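Novice: Below are the structure tokens for one structure; questions will follow.
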Amino acid sequence: MHQGYLRLLKQRGGMLVCGQRIDALDHQGGLWTARALETSFQARVIINAAGAWADHVAALAGVRPLGLVPKRRTAIIVDGLSGIDTRTMPTVDFTATDAYFKPDGSRIMASLGDQDPVEAQDIRPDEWEIALLADWLQRETQLSVKRIGHSWAGLRTFVSDASPVVGFDDGVPNFFWLAAQGGYGIMMAPALGQAAATLARHHDLPDELTTQGVDAADLCRSREAKPATALPGQAI
Ligand SMILES: Cc1cc2nc3c(=O)[nH]c(=O)nc-3n(C[C@H](O)[C@H](O)[C@H](O)COP(=O)(O)OP(=O)(O)OC[C@H]3O[C@@H](n4cnc5c(N)ncnc54)[C@H](O)[C@@H]3O)c2cc1C
């Protein structure tokens with residue numbers, strides 16, 4: 001999916017620049033300048049999609065932070081399974097603990113559903129966490145973990161209502177948020193990408209999204225100020 005999006009970006013004249021950390025943002029004469037160590041970029045609108053670091057990037061621009069909380073999660077891929085047909089295996093969620101496992105081709109992906117708040121940082125999987133995860137999988141299922149093909153840890157980043165923030169900042173002009181994607185940034189990418197692309201150009205959300213109940217007012221940061229609303233039949 002990621003490679004597909006990159007191909008489309010390049011076909012449309014977009015450019016991907018890696019390894020250049022933006023460490024200064026200035027807004028002058030209606031143009032933003034984003035500076036990295038070896039290069040700089042100019043644009044009328046800046047889209048802050050810096051994941052766990054989005055509040056840090058906002059601070060460079062003098063924008064009030066969202067109060068993002070990055071939460072660490074570890075996952076493993078178990079391979080070398082014998083006698084198990086993963087094609088017919090469902091995703092299994094343990095509702096009491098948030099742990100889950102699911103088929104991943106002929107392999108199985110598993111996570112304890114850990115969500116420990118941490119500072120924004122590049123996360124590496126921890127040997128102890130991986131051992132706990134393999135042990136859990138063996139105790140809770142009939143699987144025997146013989147080989148861990150891959151393990152990784154990453155950050156799932158949230159605001160207090162755990163919904164994404166997509167839209168222009170209400171304090172600083174032409175500063176656009178695409179942040180707080182939590183644990184669903186990959187699955188939401190087609191919809192959030194479309195929402196961001198239209199809202200950043202000051203267009204209305206496409207019917208495709210509004211008919212599914214997506215409302216720009218629920219995505220923007222100023223929703224913080226909205227009073228709590230009750231579900232039908234529910235007292236506030
Ligand atoms: C173990 C695990 C399992 C998950 N499983 C799923 C799943 O099944 N489905 C799903 O939908 N989601 C899943 N997620 C969540 C998903 O990975 C995130 O929601 C998604 O990656 C968030 O994307 P993002 O672009 O906001 O942030 P990121 O992917 O973190 O991207 C932010 C980028 O900004 C860059 N950046 C930061 N600061 C700067 C700077 N100053 N200058 C330049 N660049 C900067 C960073 O280097 C990074 O590349 C999982 C996450 C974890 C950890």
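Novice: Being among the aromatic types (Phe, Trp, Tyr) and within 15 Å of the ligand (Cβ to nearest atom) is the filter here; which residues of segment 164-215 pass it?
Specialist: Phe175, Phe176, Trp177, Tyr184
Novice: Name the residue that is surrounded by the most Cβ atoms within 10 Å (Cβ to Cβ), counting only residues in segment 46-67 that are within 10 Å of the ligand (Cβ to nearest atom) and assigned to a loop (DSSP other than H, G, I, E, B).
Specialist: That would be Ala50.
Novice: Can you name the residue in segment 184-213 that is modelled with pLDDT of 95 or more and of a type in the set (Val, Ile, Thr) and, of all such residues, is farthest from Val165 (Cα to Cα)?
Specialist: Among those that are modelled with pLDDT of 95 or more and of a type in the set (Val, Ile, Thr), it is Thr211.
Novice: Next question. For the condition at pLDDT 95 or above, more than 10 Å from the ligand (Cβ to nearest atom) and more than 30 Å from Leu132 (Cβ to Cβ), what is the one hit in Ala34, Ala43, Ala24?
Specialist: Ala43
Novice: Related question: Looking only at segment 100-123, decide whether some residue is open to solvent by 40 Å² or more (accessible area, probe 1.4 Å), out of contact with any strand residue (DSSP E or B) (no Cβ under 8 Å at 6 or more places or on another chain), of a type in the set (Ser, Thr, Tyr) and more than 9 Å from the ligand (Cβ to nearest atom).
Specialist: no
Novice: Within segment 3-20, how many residues are within 13 Å of the ligand (Cβ to nearest atom) and loosely packed, with under 10 Cβ neighbours inside 10 Å?
Specialist: So the answer is 4.
Novice: Do we find a residue being exposed (fewer than 13 other Cβ atoms within 10 Å of the Cβ), polar (S, T, N, Q) and closer than 22 Å to Asp98 by Cβ anywhere in segment 199-222?
Specialist: No, segment 199-222 has no match at all.
The values are calculated or read from the model by the stated rules, or taken from the named source; none is laboratory data. This structure is a prediction, so every number in the text was calculated from the model and none was measured. All Cβ positions, glycine included, derive from the backbone under ideal geometry; neighbour counts span all protein chains shown. These area figures cover heavy atoms from the full protein model, side chains too; ligands, DNA and RNA do not enter into them. Shrake-Rupley method; radii C 1.70, N 1.55, O 1.52, S 1.80 Å.
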